[in-house]
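Presented below is the structure to which this report refers.
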Amino acid sequence: MRVPVVQHRSRRRRALRRRALWTGGEFLVTAGVVLLLLVVHELWWTNREARQGAEHQVQALERQWATPGAVSGDTPSANSGLAGGSSPRRSTSVDGSTTVPGSAATPHRSQAYAILTIPRLHLRVPIAEGVSKQNVLNKGYVGHYPGTQQPGQAGNFALAGHRNTHGEPFRYLPRLRLKDTVQVETRTTVFTYTVDKILPQTSAADSGVIRPVPRSTVKPAYGYSRPGYYVTLTTCTPEFTSRYRMVVWGTLTSTRLR
């Protein structure tokens with residue numbers, strides 16, 4: 001009977017194969033752990049950090065406004081009346097003109113200067129100048145599109161906010177309904193806008209939605225046809241993507257001095 005002989009070369013080959021499989025398994029486990037940590041960081045830690053920072057900024061603005069003589073980039077300015085439209089209701093007296101009191105001058109870039117409150121969403125976050133990710137949006141703030149109007153001014157006061165991660169202030173924007181209210185609070189005035197149009201999805205390059213008379217260039221049936229006092233809220237859609245934009249519009253219906 002012939003006794004089988006095990007070649008040393010075969011043993012080495014099997015040992016190398018086992019070592020390669022073990023190394024590959026370790027690599028996959030390590031990669032999985034790193035990926036899990038990245039997901040936790042994006043979906044939990046960035047939200048926690050940004051929300052805390054946004055809450056502190058809201059409190060800082062409220063303290064600043066409560067201080068006599070405080071300056072926060074909010075300077076009253078006179079605006080002409082609506083061309084072909086009606087003036088918003090005011091809970092403060094105005095001397096017969098169509099000026100909206102307390103409308104803000106342009107603040108410095110990345111400066112938090114107002115507070116956005118949306119009762120249906122239980123949302124209260126700072127508004128900062130610009131839509132920089134690093135200096136505004138990733139802090140959990142809502143950003144004001146440069147070149148669009150300021151709150152209370154005739155035209156379009158346009159805002160952007162994250163749908164997911166970094167505080168995700170606009171995560172539940174699709175829950176807004178017609179006739180819901182959106183409040184913008186500055187040092188001197190509270191502006192109340194009423195939601196009257198919603199565009200569920202449009203192109204990320206649809207610049208028409210933030211024009212002075214907002215109207216989608218992709219879906220022209222959505223938007224306005226004459227000048228007014230408008231607010232625009234934009235965010236990414238669907239969730240966890242930035243391929244499209246969702247747009248909510250409102251019209252200024254009242255102002256109240258603080």
Tally the residues that are farther than 25 Å from Gly152 by Cα and either basic (Lys, Arg) or in a strand (DSSP E or B) (or both), restricting the search to the range 232-258. 4
Kindly indicate whether Ala104 is at pLDDT below 95, assigned to a loop (DSSP other than H, G, I, E, B), farther than 16 Å from Val58 by Cα and aliphatic (A, V, I, L, M). yes
Go through the residues of the range 167-185 one by one and say whether even a single one is surrounded by 21 or more Cβ atoms within 10 Å (Cβ to Cβ), under 16 Å from Glu55 (Cα atoms) and of a type in the set (Phe, Trp, Tyr). yes
Among the residues of the range 217-245, what is the count of those that are more than 17 Å from Pro174 (Cα to Cα), crowded, with 21+ Cβ neighbours inside 10 Å and among the hydroxyl-bearing types (Ser, Thr, Tyr)? 2
Single residue of the range 119-140 satisfying the filter (part of a strand (DSSP E or B) and either free of Cβ contacts under 8 Å to residues at least 12 places away in the same chain or of a type in the set (Val, Ile, Thr) (or both)) that is surrounded by the fewest Cβ atoms within 10 Å (Cβ to Cβ): Val125
Do any residues in the range 246-257 that are closer than 25 Å to His162 by Cβ and at pLDDT below 95 have Cβ atoms under 7 Å from those of residues that are buried (at least 24 other Cβ atoms within 10 Å of the Cβ) and not hydroxyl-bearing (Ser, Thr, Tyr), where the two are at least six apart or on different chains, and which pairs are they? none
Residue list for the range 147-182, restricted to those being of a type in the set (Phe, Trp, Tyr) and closer than 16 Å to Pro212 by Cα: Phe157
If you check Gly143 against the conditions, is it buried (at least 18 other Cβ atoms within 10 Å of the Cβ), closer than 29 Å to Thr67 by Cβ, touching a helix residue (DSSP H, G or I) at 6+ places or on another chain (Cβ under 7 Å) and without any contact (Cβ under 8 Å) to a residue 40 or more places away in the chain? yes
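The values are calculated or read from the model by the stated rules, or taken from the named source; none is laboratory data. In this text, all values refer to a predicted model and were calculated from it rather than measured experimentally. Backbone-built Cβ (ideal geometry, glycine too); neighbour counts: all protein chains shown.
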